[in-house]
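The values are calculated or read from the model by the stated rules, or taken from the named source; none is laboratory data. In this text, all values refer to a predicted model and were calculated from it rather than measured experimentally. Glycine gets a Cβ as well: all are built from the backbone with ideal geometry, and neighbour counts include every protein chain shown. Just the protein is used for accessible areas: all its heavy atoms, side chains included, with ligands, DNA and RNA removed. Shrake-Rupley method; radii C 1.70, N 1.55, O 1.52, S 1.80 Å.
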Amino acid sequence: MRLTITGSGGFRRTPRPGCHCPVCQEAREQGTQRLGPSMFIHDENILFDTPEEIAAELENAGIEKINHLFFTHWHPDHTLGARILEIMNTKWSENMEWCMVAKQKTLVYMPKLVYSEIMQRFGPFFDFWGFLGIAEVHELEDEAQCGGILVQPVVLKSLHRTVTHSTVYVISSKGKKMIYAPCDITPFPEDARFYDCDLMILQIGWYGPRMAERAEKGPHCEISMDEIINIAKTYRPSRIILTHIGDDSELLAADLKALEEEYSQFNIQFAYDGMELMI
Ligand SMILES: [Zn+2]
Ligand SMILES: [Zn+2]
């Protein structure tokens, strides 16, 4: 499978307009950016989540078609760009009787428990896109077969106060397996399918002052580095990529490099926008 981390940012893009924190300033000076969290698998044109900057992310990565779209949970940083379906899947009608018509259709999937939370907020939009014929929404039960790629959801009841359910995806093809778990993954579910995978893409978790605050307050929806290391020790993935990196992590480029060295025995690296991976 060939994949691109189309967006490696957290719930707010970096640099963040109006923010002069060291992370945002460094990004401005270096001309780098982190747009909202999303991932694309090229083999079957599968997109995971639609942050509000997804159009720019797909353009930057040269992606031209979405055959399948999976959502992890309803949070705005993962869903507000869903209008990408209109942007990419429509064309002008030749007879102009109905100005915008379908050019192509995307199959949209979300686990049953996530479906009601997303439809409560975005239902009328998906109805409209269904009417146009550019999207077909499926409640995901056990799995979806997307060409040669099998996608299986593991739903968790998140500790986050504004989300009830989030999803960890198990994605496999031709003997290779990866896990995609970008946000609100605490408590991390136990599942035999997580063992010995080739790649795990996980939420970065908290560092620095925020980490101390978290330790004081007890279990939190955001994962910690200790928990990430426990996942690494338990499931022994060949490689871990941490994503969903916002300026609230307070991590500069040099800090990320130092952490990669500190955790090199677990083969942990930090994502960046446009990062290409092959398993
Ligand atoms: Zn900032
Ligand atoms: Zn998020």
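With K and R counted +1 and D and E -1, the other residues having a Cβ less than 12 Å from that of CYS183 yield a net charge of -4.
Can you give the FRET efficiency for ALA102 and ARG239, using 1/(1 + (r/R0)^6), R0 = 35 Å, r = Cβ-Cβ distance, to the nearest 0.05?
On the way: r = 39 Å, r/R0 = 1.11.
Taking R0 as 35 Å, the efficiency between ALA102 and ARG239 is 0.35.
Separation of the alpha carbons by more than 25 angstrom is noted, of LYS157/LYS233; LYS157/LYS257; LYS65/LYS177; LYS233/LYS257, for LYS157/LYS257. Accessible-area rank, largest first, for GLU250, GLU190, GLU262: GLU190, GLU262, GLU250, with all protein chains present and a 1.4 angstrom probe.
Stretch GLN120-ASP226 to full length: gain in nm at 0.36 nm per residue minus the Cα-Cα span? Mind showing how you got there, number by number?
Working: separation 106, 0.36 × 106 = 38.16 nm, distance 3.49 nm.
Between GLN120 and ASP226, full extension yields 34.7 nm more.
Summarising the label geometry, the points placed 7 Å from Cα in the beta-carbon direction at ASN60 and ASN95 lie 4.3 nm from one another.
Evaluate the relative contact order of the chain (contact order divided by residue number), counting alpha-carbon pairs under 8 angstrom at least 6 apart; express in whole percent. Let's see the in-between values first.
Values: 592 pairs, mean separation 55.5, N = 279.
After rounding, I find 20 percent.
Which net charge results when you count Lys and Arg as +1 and Asp and Glu as -1 among the other residues whose beta-carbon is under 12 Å from that of GLN152? So the environment of GLN152 carries a net charge of -2.
Which GluC sites (Glu not before Pro) does the range 1-92 hold that lie in a coil by DSSP with at most 15 other beta carbons within 10 Å?
Taking the range 1-92 and a limit of 15 other Cβ atoms within 10 Å, the loop GluC sites (Glu not before Pro) found are GLU44, GLU64.
Which of the three applies to the range 2-278, rounded, prolate or oblate, going by the alpha-carbon gyration tensor with a ≥ b ≥ c and a/c under 1.5 meaning rounded?
Details: a/c = 1.70, a/b = 1.42, b/c = 1.20.
In terms of gyration-tensor shape, prolate.
Taking 7 Å steps out from each Cα toward its Cβ at LEU80 and ASP191 produces label points 2.8 nm apart. Heavy-atom accessible surface of ARG28, to the nearest 10 Å², is about 90 Å², with a 1.4 Å probe and all protein chains retained. Within the range 145-190, which trypsin sites (Lys or Arg not before Pro) sit in a loop by DSSP and count at most 13 neighbouring Cβ atoms inside 10 Å? Filter output for the range 145-190: ARG161, LYS174. Using Cβ point charges alone (K and R +1, D and E -1), the dipole size of the chain about the Cα centre works out to roughly 180 debye.
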